[in-house]
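> Dumping the structure here so I can ask a few things about it.
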Amino acid sequence: MAGAVERNRTSTGNAHSALNAARLPVPPRPHETRNTAAHPNLSRLTNPTGTGAREAAHVTDLPPKFKGGASFAGSRPTAMLAPNHRHQQGTELAKMNRQRGDAQSAIAWQVSDIPVPYDQAVARMESEVQAIAAGTAPERVWLLEHPPLYTAGTSARAEDLLAPDRFPVHRTGRGGQYTYHGPGQRVAYVMLDLTRRGRDIRAFVESLEAWVITTLAHFNIRGERRDGRVGVWVARPEVADGHEDKIAAIGVRIRRWVSYHGISINLDPDLEHFSGIVPCGVSEHGVTSLADLGIPCSLAELDMALRAGFEAEFGPTVWSNDTRPPDQTMRRTSKPAGASPPS
């Protein structure tokens, strides 16, 4: 389809070709203006089961004291995002993540070069989560694409599935509502041991958002958070005053304090495919992509920016030669220039 074809174009000669360097510099994160007044969610900062918390993360298999609820806030309490808290180099949380990463083995970084069926990806993640929790496998980030499909999170509403027969619909245990995945969209599944990172679920979701914002900044795109709306958003004043579109979605699940599922960033998918759902339950705003914003970028360039941003937020990674596919549909790409030696 068009999205799959367009995403493969090269960016030779454009302003973003510098991304082909072995390691990308991490630019200062764009300042984000936020209201830092007192917020009623403050009482739930350390209580992931607080009533009314939003649904970016779904958690299972935790100690009994955490089992009062299942869905967790994806849009953090405002006070957690005081000016510059998330957008200065070396924030305390990012520094803590990096220090813990240094103290442990590097996080495996893996990329699949052809679309992976959704059920097989979930089976692989669940297997990895079990091994990570048992201490027999390294933490892992897995970059891939899916064939066109819709996923329904734990808060999905039936009325938000507008075209139920258009693409396969997968019920999933991640937090959130309906999301589209397909060619031209980079999905990053993040399997990290949160016990090493303080068992702070909201801070983890915030770190995922900061990772996306840093990645977009490599392409001079200003990604922003919005209270009450999970994900990363881009203001579009050229479309209309106050108009903004979603460019990245976030939905995670936690099992035995190990995360899985993760983020998706729209590189150059067919945006019309989102019309079959109400994306993430938000009907008054649209969706966009790097291509829609006029940014010529290859999937390899996006992956390099993602890796640089991830390492700035979470710690070092090592290129993984561990493919262990459920079948031959999952393969690792050729090692990109400047990648670390295989683990």
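The values are calculated or read from the model by the stated rules, or taken from the named source; none is laboratory data. Quick caveat: nothing in here was measured; it's all calculated off a predicted structure. Neighbour counts are summed over all protein chains in view; Cβ atoms, including those assigned to glycine, are modelled from backbone coordinates with ideal geometry. Accessible surface areas use protein heavy atoms only, side chains included; no ligands, DNA or RNA. Shrake-Rupley method; radii C 1.70, N 1.55, O 1.52, S 1.80 Å.
> Report ³J(HN,Hα) in whole Hz for each residue of segment 141-147, in order, from the Karplus equation J = 6.51 cos²θ - 1.76 cosθ + 1.60 where θ = phi - 60°; Gly and Pro get x.
10, 10, 9, 7, 10, 10, x
> Applying the Karplus parametrisation 6.51 cos²θ - 1.76 cosθ + 1.60 with θ = phi - 60° to the phi angles of segment 260-268, what ³J(HN,Hα) value in whole Hz is obtained for each residue in order, glycine and proline being reported as x?
Per-residue couplings from phi come out as 8, 6, x, 10, 9, 10, 7, 8, 7 Hz.
> Residue by residue, what Karplus-based ³J(HN,Hα) values in Hz, rounded to whole numbers, does segment 174-189 have, using 6.51, -1.76 and 1.60 with θ = phi - 60° and x for Gly and Pro?
Karplus values, whole Hz, x for Gly and Pro: 5, x, x, 10, 7, 9, 9, 10, x, x, x, 10, 8, 9, 10, 8.
> Any idea what % of Cα-Cα pairs in segment 268-310 are farther than 17 Å?
Working: 429 of 903 pairs.
Taking all Cα-Cα pairs of segment 268-310, the fraction more than 17 Å apart is 48 percent.
> Leaving ligands and nucleic acids out of the surface, order Arg171, Arg197, Arg253 by accessible area at 1.4 Å, largest first.
Values: Arg171 170, Arg197 15, Arg253 45 Å².
If we order Arg171, Arg197, Arg253 from most to least accessible, we get Arg171, Arg253, Arg197.
> Can you run the Rg to Rh ratio on segment 157-239? Use alpha carbon positions and the Kirkwood inverse-distance Rh.
1.00
> In a solvent-free Debye calculation with one equal scatterer on each Cα, what is log10 I(q)/I(0) for segment 168-295 at q = 0.21 Å⁻¹, listed in the order of the q values?
-1.33
> If I model segment 168-208 as equal point scatterers sitting on the Cα atoms and use the Debye formula, what is log10 I(q)/I(0) at q = 0.23, 0.27 Å⁻¹?
Listed by q, the Debye log ratios stand at -0.99, -1.11.
> Express in whole angstrom the spacing between the alpha-carbon centres of segment 229-307 and segment 138-154.
14
> Quickly work out the Val239-to-Asp113 label distance, labels modelled 7 Å from Cα along the C-beta direction, and quote it in nm with one decimal.
3.5
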